[in-house]
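Colleague: Got a structure for you, written out below as structure tokens; questions coming shortly.
The values are calculated or read from the model by the stated rules, or taken from the named source; none is laboratory data. Because the structure is a prediction, the values reported are computed rather than measured. With ideal geometry, Cβ positions are generated from the backbone for all residues, glycine too; neighbour counts draw on all protein chains shown. These accessible areas exclude ligands, DNA and RNA; they are computed on the full protein's heavy atoms, side chains included. Shrake-Rupley method; radii C 1.70, N 1.55, O 1.52, S 1.80 Å.
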Amino acid sequence: MPRFAANLSMMFNEVPFLDRFARARAAGFEAVEFLFPYDFPAAEIATRLRDSGLSQVLFNAPPGDWAAGERGQAALPGRQAEFREGVKRALDYAAALACPRLHLMAGLTPAGVPRDTLLSVYAANLAWAAEECSKAGVLPVIEPINHRDIPGFFLNTTDEAAAIIQAVGGPARLGLQFDLYHCQITEGDLVKTAERQMPLIAHMQVADNPGRHEPGTGEVNWPFVFQAIDALGFGGWIGCEYRPAGETEAGLGWFAPYKS
């Protein structure tokens, strides 16, 4: 049966961030993910996880200046030193939170830079990160993001991600973060795409389309999709990276059949 992790950056926003852990556990979740932990001491987050009996399964490495619109650095020439420092900081948090997955955001495509140049920087940065993460027992992952939510994002399709993963050494060194919401917008054909990429998928995320709300609010037949994912043998976590259409708990009817 699919295992779902609450995304605390998007869900349970009715309460402050550190209070969302207990709220997620009370709603029946056994694991959480979020975008970034860096505004809070790692020890404080670890305490909230422990007190709530939750596992941390994913977060993102520092993305650069998020408030200024930056969305990662992994493919950006001239930002290699900053990228490496960010990965090291993220791994410190991963150790404190016992988190096994780290998302490395590619960044926005700079104007006038050849794609081959960006691919070269991306591959070199990811190869370095894979080595560092391996030493820490963490698997780095990359995520294709749709062109509508983040215009100009460097990595858009699962096939692009698959080529990068193979170039860096395969899924033992670098995994695919397969977000079904982004895939639905960019590629569609969710079940067949999941089937094609399953050997590379280390983490999944879900939201309905349009609106990026909870499953059941949009166009996707989620019971069919989740059954297919289960049949494919995916044993990882599926992060609920959606914006609740209303109060978070009120929109959790879709989740009831999957509680342990």
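Colleague: What's the longest bit of the chain with no exposed GluC sites (Glu not before Pro), using DSSP loop states and at most 15 other Cβ atoms within 10 Å as the test?
Modeller: Numbers: sites that count: Glu14, Glu219, Glu247.
So the longest stretch without any such site is 15-218.
Colleague: Just to be sure I understand the model, the point goes 7 Å from the Cα along the line to the Cβ. What's the resulting Asp65 to Glu249 distance in nm?
Modeller: 4.1 nm
Colleague: Radius of gyration and Dmax for the chain's Cα atoms, expressed in Å?
Modeller: Reported Rg and Dmax, both Å: 17.4, 51.
Colleague: Further question: Kindly provide the helix-only [θ] at 222 nm of the chain, computed as the sum of -39,500 (n - 2.57) over DSSP H runs of four or more divided by all residues, to the nearest 500 deg cm²/dmol?
Modeller: Working: 8 runs with 94 residues, N = 260.
Using -39500 (n - 2.57) per qualifying helix, the result is -11000 deg cm²/dmol.
Colleague: Can you give the FRET efficiency to the nearest 0.05 for Ala27 and Ser120, using r as the Cβ-Cβ distance and R₀ = 41 Å? Could you put the intermediate results ahead of the total?
Modeller: Numbers: r = 44 Å, r/R0 = 1.08.
It comes to 0.40.
Colleague: Probe radius 1.4 Å, ligands and nucleic acids ignored: give me the carbon and sulfur share of the accessible area of the range 1-159 as a rounded percent. It would help to have the intermediate numbers written out before the result.
Modeller: Working: 3440 of 6580 Å².
Here carbon and sulfur together make up 52 percent of the probe-accessible area.
Colleague: While we're on this one: Just Pro16, Pro215, Pro244 to compare: in a GNM of the chain, with alpha carbon springs under 10 Å, which one fluctuates most?
Modeller: Of Pro16, Pro215, Pro244, the most mobile in the Gaussian network model is Pro16.
Colleague: Evaluate the distance, in nm, between pseudo-label points positioned 7 Å from the Cα of Glu195 and of Met1 along their respective Cα→Cβ axes.
Modeller: So the label points at Glu195 and Met1 sit 2.6 nm apart.
Colleague: Which one, Asp179, Asp39, Asp159, has the greatest fluctuation when you compute a Gaussian network model over the chain with C-alpha springs under 10 angstrom?
Modeller: Highest fluctuation of the listed residues: Asp39.
Colleague: Same structure again: Rounded to whole Å and sorted largest first, what semi-axes of the equivalent ellipsoid does the C-alpha gyration tensor of the range 65-204 yield via the square root of 5 times each eigenvalue?
Modeller: Over the Cα atoms of the range 65-204, the ellipsoid semi-axes are 21, 19, 14 Å.
Colleague: Along the positive direction of the dipole of the range 1-112 (beta-carbon charges: Lys, Arg +1; Asp, Glu -1; about the Cα centre), which of Ser55, Asn7, Gly69 reaches farthest?
Modeller: Ser55
Colleague: If you don't mind, another one. Pairs of alpha-carbon atoms within less than 8 angstrom and 6+ residues apart define the contacts here; what relative contact order does the range 152-260 have, in percent?
Modeller: On the way: 129 pairs, mean separation 24.8, N = 109.
Answer for the range 152-260 is 23 percent.
Colleague: Give the dimensionless ratio obtained when the Cα radius of gyration of the range 1-95 is divided by 2.2 N^0.38 Å.
Modeller: Working: Rg = 14.6 Å, N = 95, 2.2 N^0.38 = 12.4 Å.
So the Cα radius of gyration is 1.17 times the expected 2.2 N^0.38 Å.
Colleague: How much length, in nm to one decimal, is gained on full extension between Asp92 and Asn221, taken as 0.36 nm per residue of separation minus their Cα-Cα distance? Please list the in-between numbers first.
Modeller: Numbers: separation 129, 0.36 × 129 = 46.44 nm, distance 3.92 nm.
In short, 42.5 nm is gained.
Colleague: Here's a follow-up. Please build a GNM for the chain, connecting alpha carbons under 10 Å apart, and tell me which residue among Ala129, Ala161, Ala96 fluctuates the most.
Modeller: Ala96
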